[in-house]
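The values are calculated or read from the model by the stated rules, or taken from the named source; none is laboratory data. Everything numeric here is computed off the predicted structure, so don't read it as measured data. Note that each Cβ is placed from the backbone with ideal geometry, even for glycine, and that neighbours are counted across all protein chains shown. What goes into the accessible areas is simple: the full protein's heavy atoms, side chains included, and nothing from ligands, DNA or RNA. Shrake-Rupley method; radii C 1.70, N 1.55, O 1.52, S 1.80 Å.
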Amino acid sequence: VTKCSGEGIYFAAKSGRMCAESIVERSAAGTRMVNDRDLYDYINKFDAKYGPTYFVLDALQKLFYTSDAARESFVDLCEERYVQQVTFDSYLYKTVQGNNPVGDVQLLGKTLSSLWKNNTSKPEPMRELA
């Protein structure tokens, strides 16, 4: 299960398929017995393909899920169109998207600004339900 998003079914299925493909390849289509060393090929391929996704989601969890102020900053950033587009594309393609250095730098600035604001100011009062 990926951190931050809680998604896991796709990655479990993809991992199983990649492992099976590696076993077929390493066993020479079933003519030789594979061992644990043969599975390093699968592990390395999976890590190369999905490792960055797990790294980014772990970093997001560590940054934004540690305090109420950090969670408020996360909510602030979710209002940004760029964040919504990157999030949608990342879920759709199952890898970290972005590929817009200017947008990424602007997002970094907004992230730092929001974290500063929410960690140094008094929280707004709870709204009352009508």
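Brief remarks on what is shown
- Residue-normalised accessible area of segment 14-72, given per residue in Å² at a 1.4 Å probe: 68
- Cα-based Rg of segment 63-130 normalised by 2.2 N^0.38 Å, two decimals: 1.28
- The trypsin sites (Lys or Arg not before Pro) found in segment 32-130 that occupy coil by DSSP, while having at most 10 further C-beta atoms within 10 Å, are Arg32, Arg127.
- The length gained by stretching the chain between Ser15 and Leu60 to full extension, at 0.36 nm per residue less their Cα-Cα distance, is 13.9 nm.
- Where [x] 2, 11, 20, 23, 21, 13, 7, 2, 0; [y] 2, 9, 14, 17, 14, 11, 10, 8, 6, 4, 3, 2, 1, 0, 0; [z] 2, 7, 11, 14, 16, 16, 13, 9, 6, 4, 2, 1, 0 are the candidate values, the label of the one calculated here for P(r) over Cα pairs in 5 Å bins from 0, in percent is [y].
- Candidate lysines - alpha carbon under 30 Å from Lys45, same-chain residues fewer than 8 apart omitted: Lys3, Lys14, Lys62, Lys94
- In this simple spin-label model, placing a label point 7 Å from the Cα along the Cα-to-Cβ direction at both Tyr82 and Ala70 gives a separation of 2.2 nm.
- Degrees separating the helix 68-78 axis from the principal Cα axis of the chain, which is the longest one: 80
- For the chain, the residue among Phe64, Met18, Ala29 whose Cα projects farthest onto the positive side of the dipole built from Cβ charges is Ala29.
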